[in-house]
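All of the numbers you see were taken from the coordinates with simple rules; none came from a lab. Predicted, not measured: the structure shown is a model, and the values here were computed from it. Quick reminder, even Gly has a Cβ in these numbers, built from the backbone with ideal geometry, and neighbours come from all protein chains shown.
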Amino acid sequence: MSAYDEARRAADAVRARIGGVPEVAVVLGSGLGDFAGGLTEGISLAYRDLPHWPAPKVPGHEGRLVVGRRGGRVVAALAGRTHAYEGRGLRQVTFAVRAIGLLGVRTLILTSAAGGVNARFAEGALMVIDDHINLMGLNPLAGPNDDRFGPRFPDLTEVYSSRLRTIADQAGTAVKLPLAHGVYAAVLGPSYETPAEIRYLRTIGADAVGMSTVPEAIAARHMGLDVLGIACITNGAAGAASRPIDHAGVTETARRMRAPFSALLEGIIAGLG
Ligand code: HPA
């Protein structure tokens, strides 16, 4: 079955369960999954119960879609994502975003944990993604193009909507959480970077580095969705940090940020036009 038909079937299954189209979807990164539990009148759908939907395998990543209310809107929260480093291919990595797009959601918020490349970023800083550099060596649109998703050669001049970035800044000011801005470099992982790689990333203009977000953002823009990306800087990048980087530390910092992060997300969702 084509990627399109699989995503279509999943979207139909979600629609049958929730009876409507959410106004916005939020993909929750490592340690940030709590937001899903804060939705009111929520309906929770386990990925494993949805057709073709890949279930994540990383500790700290749940696998459920929760549809409920927050910030005065109907929100689809995706707690758990598939990563390219799991070796499952970008068709799997982008599956959820495509299903959400086919469900009819037009606004997508991608959140993630990331390492700080910009030396000015403190641990726990939140960075609005202004642009990205794809260093995964992979692109979710490689292979035959399915025109039902979008064009063969999509433009990526504005992957991350400037309108949504402005809304994020306004929400950040309102909840007294100043937001950084910068360029997110996507790497395949799963090993963290070497100090030499971090110096390279700094040289080419990256401010943060992570192992997610970019394939999903590309697939979403291919479908014409408006995308906002927010990275939680969970650690100083290799060489800058005073201690080694590990997954437990990454999720711990993300967990520390979950309350302010949820407040920010709520403000952004309330502020959507
Ligand atoms: N590098 C890559 N991905 C990450 C990091 C990092 O330092 N921290 C959280 N995700």
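List of remarks:
- Pairwise label distance in nanometres, residue 169 with residue 194, each label 7 Å out on the Cα-Cβ vector: 3.8 nm
- Inter-centroid distance (Cα atoms) of the range 188-235 relative to the range 29-79, Å: 22 Å
- Diffusion coefficient of the range 88-153 by Stokes-Einstein, Kirkwood radius over Cα pairs, 4 °C, 1.567 mPa s: 87 µm²/s.
- Solution diffusion estimate, µm²/s, Stokes-Einstein, the range 114-273, Kirkwood Rh from C-alpha pairs, 37 °C, viscosity 0.692 mPa s: 200 µm²/s
- Helix content alone sets the calculated 222 nm mean residue ellipticity of the chain: runs of n ≥ 4 DSSP H residues at -39500 (n - 2.57) each, divided across all residues, give -9000 deg cm²/dmol.
- Proxy reagent accessibility, fewest Cβ within 10 Å first, across 107, 166, 203, 82: 203, 166, 107, 82
- Amide H partners (placed H, <5 Å) of residue 133, local residues excluded: 184, 185, 186
- Only beta bridges with both residues in the range 3-270 are counted; by DSSP, about 35 percent of them are antiparallel.
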